[in-house]
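The values are calculated or read from the model by the stated rules, or taken from the named source; none is laboratory data. Everything quoted here is computed from the prediction, not taken from an experiment. Please note: Cβ atoms are built from the backbone with ideal geometry, for glycine as well, and neighbour counts cover all protein chains shown.
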Amino acid sequence: MKWYKKLLLNISTIIKMPKQTQKNKETIKGTITKEQWYMIVGCFGYALCLIADYILELLPNGKITWEIQSSSEKLLHILEGTSTTRFQISGIMGVLSMTMIAVGLLGIAFYMKSFVPRTAIVLEIFGVSSAVMGAVFHLISTSNMWLIVRMGLSETSYSVATDFVNVHKIILIADAICYTIMSIALFIPIIMKKTVLPRWACIFNVILLTFALSPLGLSGNFSLCGLIMCLGLVVLSFIYKKPKVL
């Protein structure tokens, strides 16, 4: 049976189930596993983080990029007329989204546990760590812009905000390292056929996708790649079922 027929069969099983009986409730519970629910939560988390990134980066006067942030003149021009409330909202949404992303990354780790238990532990540790530091990363990014606007869009405010980011740069580096280790731990078992997933499923990897899409210069590129990863893996988990233990 081809993969799309398997997916349609799983979806139709959920949609066509009779209502309001204990047996049907047990069927629904057995159709979607715990790790699949977790990955679905992760999808919503990455989607929320993507919106938070758009609020942070896409301003009326232009788009904030790493290149723009290196120039005080360009950044101050883009921030003109922007309210600090915008960055507060983005910061809160970013932290909430990272909580959901942590659940999604745990779901991926739990899914891999039945295939590669030791590797799954690495996925758990570095997945949750990357989400926690990602929340701090988002707060640093939004606080940086908040400080510049709150202090009057001056060269002094730019200098203070830049120093603020530099002081906490170790967190940004640690976040990148955790995500990289997690991505490697996810990539190797799939490419080596240690799971039921096909080898091409290794493309659903946040680091690989980030490098692949980075030339496009998309806003919220990392969050978009995380969403593609979680969505791809949860769909594939419905198509390629884990073997039942007798």
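Check off (1) hydroxyl-bearing (Ser, Thr, Tyr); (2) exposed (fewer than 14 other Cβ atoms within 10 Å of the Cβ); (3) touching a Cys at 6+ places or on another chain (Cβ under 8 Å) for Thr210 and give me the number that stays unchecked.
(2)
Is it fair to say Trp146 is in a helix (DSSP H, G or I), touching a residue at least 12 places away in the same chain (Cβ under 8 Å) and not charged (D, E, K, R)?
Values: in a helix (DSSP H, G or I): yes; touching a residue at least 12 places away in the same chain (Cβ under 8 Å): yes; not charged (D, E, K, R): yes.
Considered against the rule, which asks whether it is in a helix (DSSP H, G or I), touching a residue at least 12 places away in the same chain (Cβ under 8 Å) and not charged (D, E, K, R), Trp146 comes out as yes.
Just to be sure I understand, how many residues within the range 121-148 are under 16 Å from Tyr54 (Cα atoms) and among the hydroxyl-bearing types (Ser, Thr, Tyr)?
Going through the range 121-148 one residue at a time, the tally reaches 3.
Taking the residues in the range 48-66 that are surrounded by 14 or more Cβ atoms within 10 Å (Cβ to Cβ) and assigned to a loop (DSSP other than H, G, I, E, B) as candidates, determine which candidate is modelled with the highest pLDDT.
Top of the filtered list is Ile64.
Is it true that some residue in the range 156-177 is hydrophobic (A, V, I, L, M, F, W, C), crowded, with 17+ Cβ neighbours inside 10 Å and at pLDDT 90 or above?
no
Residues that are under 17 Å from Val132 (Cα atoms), part of a helix (DSSP H, G or I) and either under 12 Å from the mean Cα position of the chain (by Cα) or of a type in the set (A, V, I, L, M, F, W, C) (or both): does the range 188-200 have at least one?
Scanning the range 188-200 turns up no residue that is under 17 Å from Val132 (Cα atoms), part of a helix (DSSP H, G or I) and either under 12 Å from the mean Cα position of the chain (by Cα) or of a type in the set (A, V, I, L, M, F, W, C) (or both).
Would you be able to tell me the number of residues in the range 208-227 that are closer than 16 Å to Val41 by Cβ and hydrophobic (A, V, I, L, M, F, W, C)?
Residues that pass the stated criteria total 1.
Are any of the residues in the range 151-158 touching a Ser or Thr at 6+ places or on another chain (Cβ under 9 Å) and part of a helix (DSSP H, G or I)?
Checked against the condition, which is being touching a Ser or Thr at 6+ places or on another chain (Cβ under 9 Å) and part of a helix (DSSP H, G or I), the range 151-158 yields at least one hit.
Cβ contacts < 7 Å: first residue at positive phi and of a type outside the set (Ser, Thr, Tyr), restricted to the range 58-83; second residue surrounded by 12 or more Cβ atoms within 10 Å (Cβ to Cβ) and part of a helix (DSSP H, G or I), any location; separation 6+ or different chain. Result?
Taking only residues 6 or more apart or on different chains, the pairs are Gly62/Ile78.
Exactly one condition in (1) surrounded by 13 or more Cβ atoms within 10 Å (Cβ to Cβ); (2) modelled with pLDDT under 90; (3) under 24 Å from Leu50 (Cβ atoms) is false for Gly217; which is it?
Condition (1) is where Gly217 drops out.
What number of residues in the range 163-194 are polar (S, T, N, Q) and either touching a residue at least 24 places away in the same chain (Cβ under 8 Å) or touching a Ser or Thr at 6+ places or on another chain (Cβ under 7 Å) (or both)?
Of the range 163-194, the ones polar (S, T, N, Q) are 166, 180, 183.
Imposing the further condition that a residue be either touching a residue at least 24 places away in the same chain (Cβ under 8 Å) or touching a Ser or Thr at 6+ places or on another chain (Cβ under 7 Å) (or both) reduces the set to 180, 183.
Going through the range 163-194 one residue at a time, the tally reaches 2.
Checking Ala120 against (1) in contact (Cβ under 8 Å) with a residue 40 or more places away in the chain; (2) crowded, with 20+ Cβ neighbours inside 10 Å, which single condition isn't satisfied?
Result: Ala120 fails condition (1) only.
What is the residue count in the range 201-235 for residues that are part of a loop (DSSP other than H, G, I, E, B) and among the β-branched types (Val, Ile, Thr)?
So the first thing to find is which residues in the range 201-235 are part of a loop (DSSP other than H, G, I, E, B), and the list is 204-205, 217-220.
Restricting the remaining residues to those that are among the β-branched types (Val, Ile, Thr) gives none.
The qualifying residues number 0.
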